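These notes are about the structure you will find just below.
The values are calculated or read from the model by the stated rules, or taken from the named source; none is laboratory data. Just so it is clear, the model here is predicted, and its values are computed rather than measured. Backbone-built Cβ (ideal geometry, glycine too); neighbour counts: all protein chains shown. These accessible areas exclude ligands, DNA and RNA; they are computed on the full protein's heavy atoms, side chains included. Shrake-Rupley method; radii C 1.70, N 1.55, O 1.52, S 1.80 Å.
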Amino acid sequence: MIDRIAEILKQVNDVVFEKENNAESFRLLYLSKKGIITQLFDKFKTIPNDQKKLVGAQLNVLKQRAEEIHQQQKELEDNSIQANLKREDSSLPVYQEGPGSYHPLRIVEDRLLEIFFSLGFDLAEGPEIEDDKHNFASLNFAEDHPARDMQDTFFIAEHVLRTHTSSVQIREMEKGKLPLRLVMPGRVYRNEAVSARSNCFFHQIEGLYIDKGVSFADLKQTLYYFVQQFFGEGTKVRFRSSYFPFTEPSAEMDIWAGLETEENRRLTKGTGWLEVLGCGMVHPNVLDACHIDSSEYTGFAFGMGIDRITMLKYGINDIRDLFVNDKRLLSQFSGV
Ligand code: DAH
(Lines give C-alpha, C1' and ligand atoms only; values in the text may rest on other atoms or scores of the structure.)
Protein backbone atom coordinates (compact mmCIF):
# COMPACT_ATOMS: atom_id res chain seq x y z
CA MET A 1 0.00 0.00 0.00
CA ILE A 2 2.88 2.36 0.82
CA ASP A 3 4.22 1.83 -2.69
CA ARG A 4 0.87 2.47 -4.25
CA ILE A 5 0.55 5.73 -2.29
CA ALA A 6 4.01 6.83 -3.41
CA GLU A 7 3.12 6.01 -7.00
CA ILE A 8 -0.06 8.09 -6.88
CA LEU A 9 1.81 10.94 -5.17
CA LYS A 10 4.28 10.99 -8.03
CA GLN A 11 1.44 10.88 -10.57
CA VAL A 12 -0.29 13.75 -8.84
CA ASN A 13 2.85 15.83 -8.75
CA ASP A 14 3.57 15.13 -12.39
CA VAL A 15 0.15 16.05 -13.74
CA VAL A 16 0.49 18.53 -16.57
CA PHE A 17 -2.50 20.81 -16.89
CA GLU A 18 -3.03 21.87 -20.44
CA LYS A 19 -6.57 22.67 -21.39
CA GLU A 20 -9.22 24.46 -19.42
CA ASN A 21 -11.37 22.47 -17.02
CA ASN A 22 -8.45 20.33 -15.92
CA ALA A 23 -9.10 21.16 -12.29
CA GLU A 24 -12.44 19.43 -12.51
CA SER A 25 -11.17 16.29 -14.26
CA PHE A 26 -8.31 16.16 -11.74
CA ARG A 27 -10.83 16.30 -8.92
CA LEU A 28 -12.95 13.56 -10.49
CA LEU A 29 -9.96 11.28 -11.01
CA TYR A 30 -8.37 11.65 -7.56
CA LEU A 31 -10.63 13.34 -5.02
CA SER A 32 -14.26 12.60 -5.84
CA LYS A 33 -16.27 9.90 -4.09
CA LYS A 34 -15.01 7.27 -6.52
CA GLY A 35 -11.62 8.91 -7.02
CA ILE A 36 -8.34 7.04 -6.58
CA ILE A 37 -7.41 8.71 -3.29
CA THR A 38 -10.86 8.19 -1.79
CA GLN A 39 -10.59 4.51 -2.73
CA LEU A 40 -7.22 4.33 -0.98
CA PHE A 41 -8.88 5.68 2.16
CA ASP A 42 -11.49 2.91 1.90
CA LYS A 43 -8.77 0.32 1.54
CA PHE A 44 -6.97 1.87 4.53
CA LYS A 45 -9.76 0.61 6.79
CA THR A 46 -8.87 -2.98 5.94
CA ILE A 47 -5.13 -2.96 6.66
CA PRO A 48 -3.64 -4.39 9.86
CA ASN A 49 -3.67 -2.02 12.81
CA ASP A 50 0.11 -1.92 13.22
CA GLN A 51 0.53 -0.44 9.73
CA LYS A 52 -2.16 2.17 10.19
CA LYS A 53 -0.03 4.92 11.66
CA LEU A 54 2.53 4.97 8.87
CA VAL A 55 0.15 4.39 6.00
CA GLY A 56 -2.32 6.91 7.44
CA ALA A 57 0.36 9.60 7.58
CA GLN A 58 1.36 8.91 3.94
CA LEU A 59 -2.22 8.93 2.84
CA ASN A 60 -2.82 12.30 4.48
CA VAL A 61 0.26 13.74 2.77
CA LEU A 62 -1.06 12.49 -0.56
CA LYS A 63 -4.53 13.87 0.00
CA GLN A 64 -3.24 17.24 1.12
CA ARG A 65 -0.93 17.50 -1.83
CA ALA A 66 -3.73 16.57 -4.25
CA GLU A 67 -6.05 19.13 -2.71
CA GLU A 68 -3.37 21.78 -2.93
CA ILE A 69 -2.77 21.09 -6.63
CA HIS A 70 -6.49 21.04 -7.32
CA GLN A 71 -6.93 24.38 -5.58
CA GLN A 72 -4.05 25.99 -7.45
CA GLN A 73 -5.30 24.82 -10.82
CA LYS A 74 -8.82 25.96 -10.04
CA GLU A 75 -7.61 29.44 -9.21
CA LEU A 76 -5.58 29.54 -12.37
CA GLU A 77 -8.58 28.61 -14.48
CA ASP A 78 -10.90 31.06 -12.73
CA ASN A 79 -8.41 33.83 -13.33
CA SER A 80 -8.10 33.03 -16.98
CA ILE A 81 -11.91 33.02 -17.36
CA GLN A 82 -12.02 36.43 -15.70
CA ALA A 83 -9.22 37.65 -17.89
CA ASN A 84 -11.05 36.43 -20.99
CA LEU A 85 -14.22 38.15 -19.91
CA LYS A 86 -12.37 41.39 -19.39
CA ARG A 87 -10.78 41.06 -22.76
CA GLU A 88 -14.17 40.45 -24.44
CA ASP A 89 -15.57 43.57 -22.84
CA SER A 90 -12.98 45.94 -24.07
CA SER A 91 -10.81 44.72 -26.81
CA LEU A 92 -12.63 42.23 -29.03
CA PRO A 93 -13.02 43.64 -32.54
CA VAL A 94 -16.33 45.48 -33.04
CA TYR A 95 -18.94 44.40 -35.59
CA GLN A 96 -18.01 45.82 -38.96
CA GLU A 97 -21.57 46.77 -39.97
CA GLY A 98 -20.92 50.02 -41.76
CA PRO A 99 -23.34 52.93 -41.57
CA GLY A 100 -27.09 52.23 -41.48
CA SER A 101 -29.53 53.46 -44.08
CA TYR A 102 -33.07 54.73 -44.27
CA HIS A 103 -35.65 52.23 -45.44
CA PRO A 104 -36.86 53.03 -48.98
CA LEU A 105 -40.41 53.49 -47.66
CA ARG A 106 -39.14 56.07 -45.20
CA ILE A 107 -37.18 57.85 -47.91
CA VAL A 108 -40.26 58.04 -50.14
CA GLU A 109 -42.62 59.07 -47.34
CA ASP A 110 -40.24 61.83 -46.24
CA ARG A 111 -39.99 63.09 -49.81
CA LEU A 112 -43.80 63.08 -50.21
CA LEU A 113 -44.25 65.00 -46.97
CA GLU A 114 -41.59 67.49 -47.99
CA ILE A 115 -43.37 68.18 -51.29
CA PHE A 116 -46.79 68.64 -49.70
CA PHE A 117 -45.43 70.66 -46.78
CA SER A 118 -43.95 73.02 -49.35
CA LEU A 119 -47.51 73.55 -50.64
CA GLY A 120 -48.77 74.43 -47.16
CA PHE A 121 -50.14 71.04 -46.12
CA ASP A 122 -49.77 69.96 -42.47
CA LEU A 123 -49.28 66.48 -41.01
CA ALA A 124 -52.06 64.47 -39.34
CA GLU A 125 -52.19 60.88 -38.16
CA GLY A 126 -54.91 58.55 -36.91
CA PRO A 127 -55.33 55.13 -35.27
CA GLU A 128 -54.77 51.85 -37.13
CA ILE A 129 -57.56 50.16 -35.19
CA GLU A 130 -60.70 51.93 -36.33
CA ASP A 131 -64.45 51.70 -35.99
CA ASP A 132 -66.90 51.19 -38.81
CA LYS A 133 -67.99 54.81 -38.63
CA HIS A 134 -64.57 56.28 -39.48
CA ASN A 135 -63.40 53.60 -41.88
CA PHE A 136 -66.71 53.23 -43.75
CA ALA A 137 -69.97 54.83 -42.64
CA SER A 138 -68.95 58.50 -42.54
CA LEU A 139 -67.08 57.99 -45.82
CA ASN A 140 -70.44 57.32 -47.46
CA PHE A 141 -70.11 53.54 -47.63
CA ALA A 142 -73.77 52.59 -47.09
CA GLU A 143 -74.45 49.65 -44.77
CA ASP A 144 -75.16 47.14 -47.53
CA HIS A 145 -73.36 48.89 -50.31
CA PRO A 146 -71.17 46.62 -52.44
CA ALA A 147 -68.42 49.27 -52.24
CA ARG A 148 -67.53 47.76 -48.85
CA ASP A 149 -66.36 44.72 -50.75
CA MET A 150 -63.80 46.85 -52.59
CA GLN A 151 -61.63 46.48 -49.52
CA ASP A 152 -61.35 43.12 -47.80
CA THR A 153 -61.39 43.93 -44.13
CA PHE A 154 -59.79 42.46 -41.02
CA PHE A 155 -62.24 42.65 -38.12
CA ILE A 156 -61.32 42.77 -34.43
CA ALA A 157 -64.52 42.27 -32.43
CA GLU A 158 -66.48 45.49 -33.03
CA HIS A 159 -63.52 47.19 -34.69
CA VAL A 160 -61.65 46.98 -37.97
CA LEU A 161 -58.01 47.36 -38.95
CA ARG A 162 -58.27 50.44 -41.12
CA THR A 163 -58.37 49.51 -44.79
CA HIS A 164 -57.24 52.96 -45.91
CA THR A 165 -56.00 56.25 -44.50
CA SER A 166 -59.24 57.93 -45.62
CA SER A 167 -60.46 57.27 -42.06
CA VAL A 168 -58.07 59.98 -40.87
CA GLN A 169 -59.92 62.50 -43.08
CA ILE A 170 -63.05 61.86 -41.03
CA ARG A 171 -61.23 62.22 -37.71
CA GLU A 172 -59.76 65.54 -38.77
CA MET A 173 -62.99 66.94 -40.25
CA GLU A 174 -64.87 66.01 -37.08
CA LYS A 175 -62.60 68.28 -35.07
CA GLY A 176 -64.55 71.22 -36.54
CA LYS A 177 -61.62 73.48 -37.44
CA LEU A 178 -61.59 74.87 -40.96
CA PRO A 179 -59.97 75.33 -43.39
CA LEU A 180 -58.06 72.01 -43.49
CA ARG A 181 -55.01 71.26 -45.57
CA LEU A 182 -53.52 67.95 -44.49
CA VAL A 183 -51.42 64.97 -45.51
CA MET A 184 -52.00 61.80 -43.53
CA PRO A 185 -49.53 58.93 -43.96
CA GLY A 186 -49.86 55.56 -42.27
CA ARG A 187 -50.13 51.81 -42.37
CA VAL A 188 -53.29 50.12 -43.64
CA TYR A 189 -54.50 46.52 -43.71
CA ARG A 190 -56.37 44.34 -46.20
CA ASN A 191 -57.43 40.75 -45.87
CA GLU A 192 -55.75 39.68 -49.09
CA ALA A 193 -53.53 36.83 -50.14
CA VAL A 194 -49.88 37.85 -49.98
CA SER A 195 -48.11 37.89 -53.33
CA ALA A 196 -45.50 39.87 -55.24
CA ARG A 197 -48.19 42.48 -56.02
CA SER A 198 -50.19 42.66 -52.78
CA ASN A 199 -49.53 42.36 -49.09
CA CYS A 200 -51.94 42.16 -46.14
CA PHE A 201 -50.57 45.46 -44.88
CA PHE A 202 -49.03 48.38 -46.72
CA HIS A 203 -48.77 52.15 -46.51
CA GLN A 204 -50.82 55.00 -47.87
CA ILE A 205 -50.75 58.74 -47.79
CA GLU A 206 -53.97 60.67 -47.84
CA GLY A 207 -54.41 64.30 -48.81
CA LEU A 208 -57.30 66.58 -47.88
CA TYR A 209 -58.00 70.22 -48.61
CA ILE A 210 -61.26 71.78 -47.41
CA ASP A 211 -62.06 75.46 -47.74
CA LYS A 212 -64.50 77.82 -49.38
CA GLY A 213 -64.26 77.62 -53.16
CA VAL A 214 -61.89 74.65 -53.54
CA SER A 215 -62.35 73.24 -57.04
CA PHE A 216 -61.30 70.31 -59.20
CA ALA A 217 -58.83 72.69 -60.86
CA ASP A 218 -57.08 73.07 -57.48
CA LEU A 219 -56.91 69.29 -57.16
CA LYS A 220 -55.38 68.90 -60.61
CA GLN A 221 -52.87 71.68 -60.06
CA THR A 222 -51.76 70.28 -56.68
CA LEU A 223 -51.29 66.79 -58.05
CA TYR A 224 -49.61 68.05 -61.18
CA TYR A 225 -47.08 69.92 -59.05
CA PHE A 226 -46.51 66.82 -56.92
CA VAL A 227 -45.82 64.65 -59.98
CA GLN A 228 -43.28 67.11 -61.42
CA GLN A 229 -41.49 67.25 -58.08
CA PHE A 230 -41.55 63.54 -57.36
CA PHE A 231 -41.27 61.82 -60.75
CA GLY A 232 -39.36 64.57 -62.52
CA GLU A 233 -39.99 67.74 -64.50
CA GLY A 234 -42.03 67.13 -67.65
CA THR A 235 -43.73 63.90 -66.46
CA LYS A 236 -47.05 63.61 -68.33
CA VAL A 237 -50.23 63.10 -66.33
CA ARG A 238 -53.79 62.02 -67.15
CA PHE A 239 -56.98 61.77 -65.09
CA ARG A 240 -59.44 58.92 -65.72
CA SER A 241 -62.90 59.11 -64.21
CA SER A 242 -63.46 56.50 -61.51
CA TYR A 243 -65.64 55.68 -58.53
CA PHE A 244 -65.11 56.05 -54.78
CA PRO A 245 -68.04 56.39 -52.38
CA PHE A 246 -66.45 59.37 -50.60
CA THR A 247 -65.70 61.54 -53.65
CA GLU A 248 -67.83 62.97 -56.44
CA PRO A 249 -66.62 63.30 -59.10
CA SER A 250 -63.86 60.72 -58.62
CA ALA A 251 -60.78 60.09 -60.69
CA GLU A 252 -57.64 58.04 -60.91
CA MET A 253 -54.43 59.70 -61.92
CA ASP A 254 -51.87 58.02 -64.18
CA ILE A 255 -48.39 59.09 -65.17
CA TRP A 256 -46.81 58.38 -68.54
CA ALA A 257 -44.08 55.79 -68.22
CA GLY A 258 -43.66 55.15 -71.92
CA LEU A 259 -43.54 51.97 -73.97
CA GLU A 260 -39.88 51.95 -74.91
CA THR A 261 -38.64 49.17 -72.69
CA GLU A 262 -39.87 45.65 -72.04
CA GLU A 263 -40.17 46.65 -68.36
CA ASN A 264 -42.41 49.64 -69.20
CA ARG A 265 -44.68 47.51 -71.36
CA ARG A 266 -44.96 44.93 -68.60
CA LEU A 267 -45.59 47.44 -65.79
CA THR A 268 -48.15 49.42 -67.78
CA LYS A 269 -49.79 46.32 -69.28
CA GLY A 270 -49.02 47.68 -72.71
CA THR A 271 -50.70 51.08 -72.22
CA GLY A 272 -47.67 53.17 -71.29
CA TRP A 273 -49.66 54.64 -68.37
CA LEU A 274 -49.07 53.85 -64.71
CA GLU A 275 -51.80 54.34 -62.14
CA VAL A 276 -50.51 56.40 -59.23
CA LEU A 277 -53.45 57.47 -57.06
CA GLY A 278 -57.19 57.91 -56.50
CA CYS A 279 -58.74 61.33 -55.95
CA GLY A 280 -61.83 63.46 -56.23
CA MET A 281 -63.99 66.18 -54.73
CA VAL A 282 -65.13 65.34 -51.21
CA HIS A 283 -68.69 64.00 -51.40
CA PRO A 284 -71.29 66.32 -49.76
CA ASN A 285 -72.52 63.32 -47.70
CA VAL A 286 -69.04 63.07 -46.17
CA LEU A 287 -69.00 66.77 -45.27
CA ASP A 288 -72.49 66.42 -43.78
CA ALA A 289 -71.44 63.40 -41.72
CA CYS A 290 -68.67 65.56 -40.23
CA HIS A 291 -70.99 68.54 -39.62
CA ILE A 292 -69.35 70.70 -42.28
CA ASP A 293 -71.78 72.90 -44.21
CA SER A 294 -71.53 71.52 -47.74
CA SER A 295 -73.30 74.56 -49.19
CA GLU A 296 -70.46 76.73 -47.95
CA TYR A 297 -67.37 74.47 -48.10
CA THR A 298 -65.93 72.21 -50.75
CA GLY A 299 -62.79 70.15 -50.78
CA PHE A 300 -60.65 67.65 -52.59
CA ALA A 301 -59.01 64.46 -51.39
CA PHE A 302 -56.51 62.01 -52.75
CA GLY A 303 -54.91 58.80 -51.59
CA MET A 304 -51.98 56.80 -52.84
CA GLY A 305 -49.99 53.71 -51.94
CA ILE A 306 -46.53 54.59 -50.67
CA ASP A 307 -45.30 51.04 -51.27
CA ARG A 308 -46.52 51.13 -54.83
CA ILE A 309 -44.74 54.33 -55.77
CA THR A 310 -41.63 53.20 -53.89
CA MET A 311 -41.59 50.09 -56.07
CA LEU A 312 -42.08 52.20 -59.19
CA LYS A 313 -39.40 54.67 -58.24
CA TYR A 314 -36.73 52.11 -57.35
CA GLY A 315 -37.69 49.26 -59.68
CA ILE A 316 -38.56 46.86 -56.84
CA ASN A 317 -40.68 44.07 -58.31
CA ASP A 318 -41.90 42.26 -55.21
CA ILE A 319 -43.74 44.17 -52.47
CA ARG A 320 -42.56 41.60 -49.92
CA ASP A 321 -39.00 42.83 -50.42
CA LEU A 322 -40.09 45.97 -48.56
CA PHE A 323 -40.89 44.01 -45.40
CA VAL A 324 -38.08 41.50 -44.87
CA ASN A 325 -35.34 44.01 -44.06
CA ASP A 326 -32.74 42.20 -46.11
CA LYS A 327 -29.54 44.17 -45.66
CA ARG A 328 -28.51 43.48 -49.24
CA LEU A 329 -31.49 45.58 -50.36
CA LEU A 330 -31.37 48.18 -47.59
CA SER A 331 -27.65 48.85 -47.92
CA GLN A 332 -28.30 50.10 -51.47
CA PHE A 333 -30.09 53.05 -49.91
CA SER A 334 -27.35 54.24 -47.58
CA GLY A 335 -26.48 57.78 -48.46
CA VAL A 336 -29.69 58.29 -50.47
N1 DAH B 1 -59.08 55.17 -50.02
C2 DAH B 1 -58.86 54.79 -51.40
C3 DAH B 1 -58.26 53.38 -51.41
O4 DAH B 1 -57.73 52.96 -50.44
C5 DAH B 1 -57.91 55.73 -52.07
C6 DAH B 1 -58.52 57.09 -52.26
C7 DAH B 1 -59.23 57.36 -53.41
C8 DAH B 1 -58.37 58.06 -51.33
C9 DAH B 1 -59.80 58.58 -53.62
C10 DAH B 1 -58.92 59.32 -51.52
C11 DAH B 1 -59.64 59.57 -52.68
O12 DAH B 1 -58.80 60.31 -50.63
O13 DAH B 1 -60.18 60.80 -52.87
O14 DAH B 1 -58.33 52.73 -52.42
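Compare Glu143, Glu114, Glu128, Glu158 by solvent-accessible area with a 1.4 Å probe and give them largest first, with all protein chains kept in place. Can you show the working numbers first?
Numbers: Glu143 135, Glu114 105, Glu128 75, Glu158 160 Å².
Most to least solvent-accessible, the answer reads Glu158, Glu143, Glu114, Glu128.
Ignoring any ligand, DNA or RNA, what whole percent of the accessible area of the chain comes from carbon and sulfur when the probe is 1.4 angstrom? Walk me through the numbers on the way to the answer.
On the way: 9740 of 19180 Å².
Heavy-atom surface of the chain belonging to carbon and sulfur, 1.4 Å probe: 51 percent.
In what order, largest first, do Thr271, Thr165 sit by accessible area if the probe radius is 1.4 Å?
Details: Thr271 70, Thr165 0 Å².
Ranking Thr271, Thr165 by accessible area, largest first, yields Thr271, Thr165.
Which residue, Ala257, Ala157, Ala137, has the most motion in a Gaussian network model of the chain that connects Cα atoms within less than 10 Å?
Ala157
When ligands, DNA and RNA are left out and all protein chains stay put, how many square angstrom of accessible area per residue does the chain have with a 1.4 Å probe? Each step should come with its number before you reach the end.
Values: 19180 Å² over 336 residues.
So the chain comes to 57 Å² accessible per residue, rounded to a whole number.
Normalising by the residue count of the chain, find the relative contact order in percent from Cα pairs under 8 Å and 6+ residues apart.
Numbers: 487 pairs, mean separation 53.5, N = 336.
The normalised contact order for the chain reaches 16 percent.
With a 1.4 Å probe and all protein chains kept in place, how much accessible area does Asp132 have, in Å² rounded to the nearest 10?
50 Å²
Out of the chymotrypsin sites (Phe, Trp or Tyr not before Pro) in the range 1-51, which ones are loop residues according to DSSP with at most 16 other C-beta atoms within 10 Å?
Phe17
Pairs to check: Lys175/Lys313; Lys133/Lys175; Lys212/Lys236; Lys34/Lys63. Give those whose C-alpha atoms are more than 25 Å from each other in this structure. Before the final figure, lay out each step's value.
Numbers: Lys175/Lys313 36 Å; Lys133/Lys175 15 Å; Lys212/Lys236 29 Å; Lys34/Lys63 14 Å.
Table pairs above 25 Å Cα-Cα are Lys175/Lys313; Lys212/Lys236.
Could you give the nm distance between label points at Leu330 and Tyr224, where each point is 7 Å from its Cα heading toward the beta carbon?
4.1 nm
Answer rounded, prolate or oblate for the range 225-265, using the Cα gyration tensor with square roots of eigenvalues a ≥ b ≥ c: rounded when a/c is under 1.5, else prolate when a/b is larger than b/c, else oblate. Each step should come with its number before you reach the end.
On the way: a/c = 3.47, a/b = 1.67, b/c = 2.08.
Judged from the Cα gyration tensor, the range 225-265 comes out oblate (a/c at least 1.5, b/c at or above a/b).
Between Ser198 and Ser294, 0.36 nm times their residue separation minus their Cα-Cα distance comes to what? Mind showing how you got there, number by number?
Numbers: separation 96, 0.36 × 96 = 34.56 nm, distance 3.62 nm.
Contour length minus the Cα-Cα distance gives 30.9 nm.
Could you calculate the contour length gain from Ala142 to His159, that is, 0.36 nm times the residue separation minus the distance between their Cα atoms, to one decimal place in nm?
On the way: separation 17, 0.36 × 17 = 6.12 nm, distance 1.70 nm.
The Ala142-His159 span can extend by a further 4.4 nm.
Tell me the accessible surface of Val214 in square angstrom (1.4 angstrom probe, heavy atoms of protein chains only), to the nearest ten.
Counting only protein heavy atoms, Val214 exposes about 10 Å² to solvent.
Given 25 °C and 0.890 mPa s, compute D for the chain with the Stokes-Einstein relation, Rh being the Kirkwood radius over Cα pairs; round to the nearest whole µm²/s. Working shown, then result.
Details: Rh = 26.2 Å.
Using the Kirkwood radius from Cα pairs, D works out to 94 µm²/s.
Compute the acute angle (0 to 90°) between the alpha-carbon long axis of helix 2-14 and the principal axis of greatest extent of the alpha-carbon atoms of the chain; round to the nearest 10°.
Tilt relative to the chain: about 40 degrees.
Where does helix 104-118 land angle-wise versus the long Cα axis of the chain, in degrees 0 to 90, nearest 10?
Helix 104-118 sits at roughly 40 degrees to that axis.
I'd like the orientation of helix 49-91 relative to the chain: the angle between its Cα long axis and the longest Cα principal axis, in ° from 0 to 90, rounded to 10.
Roughly 20 degrees, rounded to the nearest 10.
Please return the longest stretch of the chain lacking exposed loop sites, where trypsin sites (Lys or Arg not before Pro) count only if DSSP places them in a loop and at most 15 other Cβ atoms lie within 10 Å.
Numbers: sites that count: Lys19, Lys33, Lys34, Lys45, Lys175, Lys177, Arg197, Lys212, Lys236, Lys269.
Segment 46-174 is the longest.
Please compute the length gained on full extension between Ser215 and Ala6, using 0.36 nm multiplied by the number of residues separating them and subtracting their Cα-Cα distance.
Values: separation 209, 0.36 × 209 = 75.24 nm, distance 10.81 nm.
Full-extension gain reported as 64.4 nm.
Test of the criteria: in the range 255-336, which GluC sites (Glu not before Pro) are in a DSSP loop and have at most 11 other Cβ atoms within 10 angstrom of their Cβ? Mind dumping the intermediate values first?
Working: sites: Glu260, Glu262, Glu263, Glu275, Glu296; in loops: Glu260, Glu296.
Here the sparse-neighbourhood loop sites are Glu260, Glu296.
Once label points are set 7 Å from the Cα along Cα→Cβ at both Asn49 and Tyr314, what is their separation, rounded to one decimal in nm?
Each label point lies 7 Å from its Cα, and together they span 9.3 nm.
If you keep only loop residues by DSSP, which GluC sites (Glu not before Pro) in the range 4-49 have at most 11 other Cβ atoms within 10 Å of their Cβ?
Details: sites: Glu7, Glu18, Glu20, Glu24; in loops: Glu18, Glu20.
Hits after loop and neighbour filter: Glu18.
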